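Read-outs throughout are calculated quantities, based only on the coordinates presented, and are distinct from any laboratory measurement. Predicted, not measured: the structure shown is a model, and the values here were computed from it. Ideal geometry is used to build each Cβ from the backbone, glycine not excepted, and the neighbour counts take in all protein chains shown.
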Amino acid sequence: MEKTILNKTIIYKYLISLFLLLFFTNSLFAGNNFVKSEISKGELNLYFTSDIERVTYFTLPDADGITKYIYDVHGGVLPPNKGISKHSFKNIESFRMGQNSPTKLRIIIRSKQKFSENHVYNGKCLTIPLVHDGKKSTKATKIVKGSRKAYTVVIDAGHGGKDNGASCCEVKKEKKVTLSISLKLKNILENKGFKVFMTRSDDTFVPLPSRTEFANKKKADIFISIHANAAPKESLYDVFEGIEIYYLSPAKTQRAKEAAIKENAVMFEGKDKYSTNEYLSLLSREKITESHKLGLDVSKMMLSNVRNSFGKVSDGGVKTANFWVLVGAQMPAILVETGYITHPKEGDNLMDFYYKNVLAKGIAEGIERYLKNK
């Protein structure tokens, strides 16, 4: 009997010790957990559970002309069975990741190729360029910093405040999706050297005419209005999907007309059809050609980024429509429908952090592409 009690006591002590060990180990290494990595378009993208606070960088010479390029993510934590050694890339000898200290996650890239310090961290993603031949890593610098002034971009997060925009399934609201993507886009562009302003940076209602007026006052070079689309009725939720870009000109298709009606609704509350048409007759055609070019470049890069990271996505095209938010813009201006919030899969994607980050990255690269070819 005494032996049985003794054995139980030993087991209990063992379990308590194990619990305390696990508890303090988790506490010690609690932090910003590494989630996943991917290589896309010559860049290594590393994703974490929280916003990255700080990354430090240095190099160490290794044998046979190889150099170690070292990136320390402060606050980063490497969970069990995670790493980046699976990756391979031309001219890269190896990829390694390890817990350098309880509060520092270290990434080591060994390469004979010369690297630059052009890494960028936006929110929860650290991007390290792997192509350093002067073409990829200096692209943004040539476009933005090589000019007499930095290009100015005004980002318009659609809807806000009393205007929810499109919604679905109670929790999916356009105004939240557009603000999230817009904030990510702002961070990416600023890290590339752009001067960026937002028509709203919180859940505030901004009248449509005030948005382009704001862009004009800021003497913006580009105006981007971010939105999420919606099917006209529930029976079509599975049918309507895809990324669509619009620039200002009379709508030519029924789908474009429906999109314009949805986005213009808050502007024309209480106005009859005649008054609405009178307002839209004021459309300026001065920047139509440049806006079309901008739309084509943004569409191309958004689709490319999404397809590389998430697979198939429908191309809704670059179209014309009477969007009031674009009326009066004195610079190339487009409205980006980032997807259909009412579509089962696309709506879920628009709620996903990584998906929205990919969308923002695509828009930023589209802007760069347009300015390079301008």
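Any of Lys36/Lys195; Lys124/Lys176; Lys186/Lys218; Lys36/Lys372; Lys192/Lys218 with alpha carbons more than 22 Å apart? Name them for me.
Lys36/Lys195; Lys36/Lys372
For Ile52, enumerate residues with amide H under 5 Å from its amide H, sequence gap 5+ or separate chain, H modeled in the peptide plane.
Gly123, Lys124, Cys125
So who's got an amide H within less than 5 Å of the one on Gly339, skipping anything under 5 residues away but keeping other chains? H placed 1.01 Å off N, in plane.
Amide H neighbours of Gly339: Asn229, Glu244.
Mind sorting Val325, Val131 by how few other Cβ atoms lie within 10 Å of their own Cβ, fewest first?
The order, fewest Cβ neighbours first, is Val131, Val325.
Binning at 10 angstrom from zero up to the longest distance, how are the C-alpha pair distances of segment 32-129 distributed in percent?
16, 54, 28, 2
For Gly161, which sequence-distant residues (separation of 5 or more, or a different chain) have an amide H within less than 5 Å of its own amide H, given hydrogens modelled in the peptide plane?
For Gly161, the qualifying residues are Thr204, Phe205.
In whole Hz, with x marking every Gly and Pro, tabulate ³J(HN,Hα) for segment 181-197 from phi via Karplus 6.51 cos²θ - 1.76 cosθ + 1.60, θ = phi - 60°.
5, 4, 5, 5, 4, 4, 4, 5, 5, 5, 5, 8, x, 6, 9, 10, 10
Read phi for every residue in segment 34-47 and hand back ³J(HN,Hα) as whole Hz from Karplus 6.51 cos²θ - 1.76 cosθ + 1.60, θ = phi - 60°, with x for Gly and Pro.
For segment 34-47, the Karplus curve yields 5, 9, 6, 9, 7, 10, 9, 6, x, 10, 8, 9, 10, 10 Hz.
Kirkwood-based Rg over Rh for segment 197-237 (C-alpha set), two decimals?
Ratio value, two decimals: 1.14.
Mind checking the full-extension length gain between Asn91 and Asn164? Use 0.36 nm per residue of separation minus the Cα-Cα distance, one decimal, nm.
Between Asn91 and Asn164, full extension yields 21.4 nm more.
Enumerate the calculated ³J(HN,Hα) couplings along segment 323-333 in order (Karplus 6.51 cos²θ - 1.76 cosθ + 1.60, θ = phi - 60°), each rounded to whole Hz, writing x wherever the residue is Gly or Pro.
Using θ = phi - 60°, the values come out as 8, 4, 5, 9, 5, x, 5, 9, 9, x, 9 Hz.
Return the FRET efficiency for the residue pair Lys114, Phe353: r is the Cβ-Cβ distance, R0 is 45 Å, and the value is rounded to the nearest 0.05.
So the FRET efficiency works out to roughly 0.85.
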